[in-house]
1. Mind checking which residues of the stretch 220-239 are in a helix (DSSP H, G or I) and either of a type outside the set (Asp, Glu) or at pLDDT below 90 (or both)?
2. Is it fair to say residue 23 is closer than 18 Å to residue 264 by Cα and small (Gly, Ala, Ser)?
3. Taking the criterion of being outside any loop (DSSP other than H, G, I, E, B) and farther than 20 Å from residue 146 by Cα, would at least one residue in the stretch 240-250 satisfy it?
4. Hey, any hits in the stretch 31-53 for a residue that's hydrophobic (A, V, I, L, M, F, W, C) and more than 24 Å from residue 297 (Cα to Cα)?
5. If you go through the stretch 160-183 one residue at a time, do you hit one that is of a type in the set (Asp, Glu) and without any contact (Cβ under 8 Å) to a residue 12 or more places away in the chain?
6. Is it the case that some residue within the stretch 166-185 is under 24 Å from residue 226 (Cα atoms), of a type in the set (A, V, I, L, M, F, W, C) and surrounded by fewer than 17 Cβ atoms within 10 Å (Cβ to Cβ)?
7. How many residues does the stretch 96-118 contain that are surrounded by fewer than 16 Cβ atoms within 10 Å (Cβ to Cβ) and either in contact with a Leu (Cβ under 7 Å, 6 or more places away or on another chain) or farther than 23 Å from residue 13 by Cβ (or both)?
Amino acid sequence: MDDRLVRIGRLAAAARGLEREGAYNGAKLIRAALTSELTRYAEAEGPSGAAAAAGAVEALLADMEAELPAAIVPHLHRIPGPIRAGDTIPLTDAPRCHVCRVCGEIIVGEDIPVSCPTCAAPALSFREELPVWYLEPADPRAILAALAVGTRHVLEATRGAGDAALARPPATGEWSARQTLEHLLFAEELFARRVERLLTEQEPDLASAAVWSQTPVSSDEGSVDTGEAASAIAARIRELRGATVARLAALPDADWGRGGRHPEWGRVTVLSQAAYFARHEASHMAQLAAAADGRLPRRVARVPGA
């Protein structure tokens, strides 16, 4: 067995054992190491490209369908098709999932039982598996501050590089800094339009408007070839962000909770969308800085023997 998988299993078991003994701070440290190992393993081994990602799901089903939790198997069969087609996966095909922290039981769907059907632990023990970490709970002030400094990070990432350099990919098949900026511009346009709709409409259906026609109407991921230089794209991002931050800064507290329906995420709010797009931008900063420098992002070195 791969040494990395052995380490992951040992760390998970050690953390659980410490929790059983009430040594929660010790478990915290082990879980940090576990999360690090999982992240590095997934980064190194994760499939790249739609065909490979869809194929990975199909391989899981072919090799171990009988061993997978029965509650999620029917939904997994619906995943490869949309991935290959470049479509989004709606919440109807991949419902909400909760996992019992006590025994590991999976509960799928909107009907959450009052207790775990396997171990009888109360629903308070359930953890919802979110589609992406961008959707984790957030504090309005912290997110507003992150949005306010986000474009400064964009400027710092690209400072010193001319438009010609920013248009060159660091490697075959990788985005140039300019292409990364186009992706961020797509997100910024979408964010501004989402804020406008959430603040002016009552529970809008966010699938009914798209920023770019070539992107699925519900998608929060996309890009477009603007034909503009990187410096001009960055200026457009700064202008849009400035207007959005000014609007959010003036909101009364209650308006952060104004919401709408998203085909992939379910109900979203002004706050959850602000957090989503702030975190999305942050996740691309290493990529942007590296591409501007003509290289790939740096990764943490593997543990010897991995």
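1. 230, 231, 232, 233, 234, 235, 236, 237, 238
2. Criteria not met by residue 23.
3. no
4. Looking for residues that are hydrophobic (A, V, I, L, M, F, W, C) and more than 24 Å from residue 297 (Cα to Cα), one finds none in the stretch 31-53, hence no.
5. No, there is no match, as no residue in the stretch 160-183 is of a type in the set (Asp, Glu) and without any contact (Cβ under 8 Å) to a residue 12 or more places away in the chain.
6. Within the stretch 166-185 (the criterion being under 24 Å from residue 226 (Cα atoms), of a type in the set (A, V, I, L, M, F, W, C) and surrounded by fewer than 17 Cβ atoms within 10 Å (Cβ to Cβ)), the answer is yes, since at least one residue qualifies.
7. Number of matching residues: 8.
Yes or no, residue by residue, for (1) among the basic types (Lys, Arg); (2) assigned by TED's automatic domain parsing to the domain that holds residue 115; (3) within 16 Å of residue 265 (Cβ to Cβ):
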position	(1), (2), (3)
63	no, no, no
70	no, no, no
73	no, no, no
76	no, no, no
82	no, no, yes
90	no, no, yes
99	no, yes, no
104	no, yes, no
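The values are calculated or read from the model by the stated rules, or taken from the named source; none is laboratory data. These numbers were taken from a predicted model, which means no experiment stands behind them. Don't worry about glycine lacking a Cβ; one is built from the backbone with ideal geometry, like all the others, and counts go over all protein chains shown.
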